[in-house]
1. When residue 141 is evaluated against the numbered criteria (1) modelled with pLDDT under 90; (2) at negative phi; (3) surrounded by fewer than 17 Cβ atoms within 10 Å (Cβ to Cβ), which criterion, by number, is the only one it fails?
2. Looking at region 30-48, which of the residues that are within 14 Å of the chain's Cα centre (by Cα) and assigned to a helix (DSSP H, G or I) is surrounded by the most Cβ atoms within 10 Å (Cβ to Cβ)?
3. Would you pick out the residues in region 115-138 that are in contact with a helix residue (DSSP H, G or I) (Cβ under 8 Å, 6 or more places away or on another chain) and assigned to a helix (DSSP H, G or I)?
4. Which residues, taken from region 96-114, are over 21 Å from residue 51 (Cα atoms) and out of contact with any helix residue (DSSP H, G or I) (no Cβ under 8 Å at 6 or more places or on another chain)?
5. Checking residue 130 against (1) more than 18 Å from the chain's Cα centre (by Cα); (2) modelled with pLDDT of 90 or more; (3) surrounded by 18 or more Cβ atoms within 10 Å (Cβ to Cβ), which single condition isn't satisfied?
6. With the condition kept exactly as written, say whether any residue in region 203-218 is closer than 30 Å to residue 17 by Cβ, modelled with pLDDT under 65 and part of a helix (DSSP H, G or I).
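The values are calculated or read from the model by the stated rules, or taken from the named source; none is laboratory data. Model, not experiment: these values are computed from the prediction. Please note: Cβ atoms are built from the backbone with ideal geometry, for glycine as well, and neighbour counts cover all protein chains shown.
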């Protein structure tokens, strides 16, 4: 079972997807997709894009295991229809899909005029709710990691002698702001020279790079405290 959720936080719009397989959450298969183009401004278009990229064979998704037995989307009738359109575009109309609307915990099913209103004690509803909550938690964790990386990258320019050009050089050489923070003085010197390398290393050692800890462990409800990183697709 795959669960897709769109989350828009500030200037970022992305979709998060979690997977339930063989009676458990399969965290290694989690995915997040940075929504591209004008779809960022449209809830339904964002969801369509995420589903098409997830099931359409984009690298690092699907993992060659075939389509899900059920696709659960976040929302009501509109989101359900957007998911159906995406599946039709991919020629995957046979995949069952339902929508879970949080406000009244209603389950929207294709071909049914009224949503299902299951009792709170229903095991099926509880499973859908668990997946909904896990997708939201994963989306928030992904957002916090990215926000921390961007904040640290911007703060590098606070160091005298590190302007936009050198900042980009450091990020390209070391892969990320966290990579810059983890680099030794000798490694930094190979990029910006010994004087700036000593200045950078001193700044990090004094705690200036604390945002490099991009993701503090956050416990999932009733689950592990480890944040699954999955795969980010931009």
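1. (3)
2. My answer is 47.
3. Passing the criteria: none in range.
4. Across region 96-114, the qualifying residues are 103, 104, 106, 112, 113, 114.
5. Exception for residue 130: condition (1).
6. Yes, the conditions are met somewhere in region 203-218.
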